[in-house]
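Here the structure comes first, spelled out in C-alpha cells, and everything after it is commentary.
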Amino acid sequence: MSPLKIKKGANSHSAYNLRPAFSDVEERHTLAVIVENEPGVLARVIGLFSGRGYNIESLTVAEVDHTGHRSRITIVTTGTPQIIAQIIAQLGRNVSVHKVHDLTVEGPAVERELALLKVSGKGDKRVEALRLADIFRAAVVDSTLESFVFEITGAPEKIDAFAELMRPLGLEEVARTGVAALARGAV
C-alpha cells in the first residue's frame, strides 16, 4: 500500500474551478485611508460602515500633510474576505479618498496604540500594580495616595493584557487612542 493517499471530495481541487475560494471566516484588518482634509469626509467614511452594519473596532484620524490638506484615517475592522474587499472598493469610489491600503494583506505593518489606565489601590495591590507596570514598561503619569494613572504604548494585544492584569488590582478607568499603523519597509 502506498503511503501517499489522495482523497477525493472536499479536499480535491480541479483545474476547472478557477474562481478564488473565499472564506466565510471573519478576519481582523487594518485599513489606512488617505483622504482630503475637509468637512464631512470622516462622516462619509463612517457612514459607509454604519449603513452596511460593519463594525469598527478602532478609528484614528489626523492630518498628515498640512500643505496638501490630507488626513490619514486608520480603521480596524473585522469581516470575511468578501466584506473587506467590498469595504475597500466602496472606500476607493469615494471622491475624497486618495488611497486605501489594507495593511493586513499588503505585508508586515507596525501597529501601536496609547492608553491611560487609572488604578486605585492600597498596600500590596499598589505595590503589585507598580511591579506589573515596570514589566510592561508603563509609565506612571499621575499619582495620588489612592491611585495611579499609567501610560502604556504598544500593540493592542499588549494593552489588553496589561488591562486584564490591572483589573483585580483596582482598574477603574481606561482611555485608548485607537490604533495607529504604518507598513514596514520602503514604500
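From the residues in segment 26-45 that are within 17 Å of the chain's Cα centre (by Cα) and among the β-branched types (Val, Ile, Thr), which one is nearest to Pro81 (Cα to Cα)? Write out each step before concluding.
First, the residues of segment 26-45 that are within 17 Å of the chain's Cα centre (by Cα): 26-34, 45.
Applying the additional criterion that residues be among the β-branched types (Val, Ile, Thr) yields 30, 33-34, 45.
Details: Thr30: 13, Val33: 18, Ile34: 22, Val45: 19 Å.
Filtering segment 26-45 for residues that are within 17 Å of the chain's Cα centre (by Cα) and among the β-branched types (Val, Ile, Thr), the one nearest to Pro81 (Cα to Cα) comes out as Thr30.
If only one of Leu91, Leu59, Leu103, Leu114 is in contact with a helix residue (DSSP H, G or I) (Cβ under 8 Å, 6 or more places away or on another chain), in contact (Cβ under 8 Å) with a residue 60 or more places away in the chain and closer than 23 Å to Ile159 by Cα, which one is it? Spell out the reasoning first.
On the way: Leu91 fails: closer than 23 Å to Ile159 by Cα; Leu103 fails: in contact with a helix residue (DSSP H, G or I) (Cβ under 8 Å, 6 or more places away or on another chain); Leu114 fails: in contact with a helix residue (DSSP H, G or I) (Cβ under 8 Å, 6 or more places away or on another chain).
Exactly one of Leu91, Leu59, Leu103, Leu114 is in contact with a helix residue (DSSP H, G or I) (Cβ under 8 Å, 6 or more places away or on another chain), in contact (Cβ under 8 Å) with a residue 60 or more places away in the chain and closer than 23 Å to Ile159 by Cα, namely Leu59.
Run down Leu145, Leu165 and say which single residue is out of contact with any Cys (no Cβ under 9 Å at 6 or more places or on another chain) and either of a type in the set (Val, Ile, Thr) or farther than 25 Å from Glu57 by Cβ (or both).
Numbers: Leu165 fails: either of a type in the set (Val, Ile, Thr) or farther than 25 Å from Glu57 by Cβ (or both).
After applying the criteria, what remains is Leu145.
For segment 115-128, state whether one or more residues are of a type outside the set (Gly, Ala, Ser) and farther than 25 Å from Ala139 by Cβ.
Just the residues of segment 115-128 that are of a type outside the set (Gly, Ala, Ser), to begin with: 116-119, 122, 124-128.
From what's left, farther than 25 Å from Ala139 by Cβ: none.
Scanning segment 115-128, I find no residue that is of a type outside the set (Gly, Ala, Ser) and farther than 25 Å from Ala139 by Cβ, so the answer is no.
If I ask for residues that are within 13 Å of the chain's Cα centre (by Cα) and crowded, with 19+ Cβ neighbours inside 10 Å, which ones from segment 80-107 would you list?
Kept after step one, since they are within 13 Å of the chain's Cα centre (by Cα), are these residues of segment 80-107: 102-104.
Of everything in segment 80-107, just one residue is within 13 Å of the chain's Cα centre (by Cα) and crowded, with 19+ Cβ neighbours inside 10 Å, namely Leu103.
Any chance you could count how many residues in segment 117-134 are exposed (fewer than 13 other Cβ atoms within 10 Å of the Cβ) and out of contact with any Asp or Glu (no Cβ under 9 Å at 6 or more places or on another chain)? Walk me through it before giving the result.
Applying the first criterion (exposed (fewer than 13 other Cβ atoms within 10 Å of the Cβ)) to segment 117-134 yields 122-124, 127, 131, 134.
Retained after the next criterion (residues that are out of contact with any Asp or Glu (no Cβ under 9 Å at 6 or more places or on another chain)): 123-124, 127, 131, 134.
Qualifying residue count, segment 117-134: 5.
Would you point out which residue out of Glu128, Glu157 is without any contact (Cβ under 8 Å) to a residue 12 or more places away in the chain and out of contact with any Cys (no Cβ under 8 Å at 6 or more places or on another chain)?
On inspection, the qualifying residue turns out to be Glu157.
Tell me, please, whether a residue that is surrounded by fewer than 17 Cβ atoms within 10 Å (Cβ to Cβ) and under 20 Å from Ala183 (Cβ atoms) can be found in segment 135-142.
Checking segment 135-142: not a single residue is surrounded by fewer than 17 Cβ atoms within 10 Å (Cβ to Cβ) and under 20 Å from Ala183 (Cβ atoms).
The numbers here are math on the coordinates, done by the rules we state, and not lab data. From a predicted model like this one, the values you see are computed outputs, not experimental measurements. Note that each Cβ is placed from the backbone with ideal geometry, even for glycine, and that neighbours are counted across all protein chains shown.
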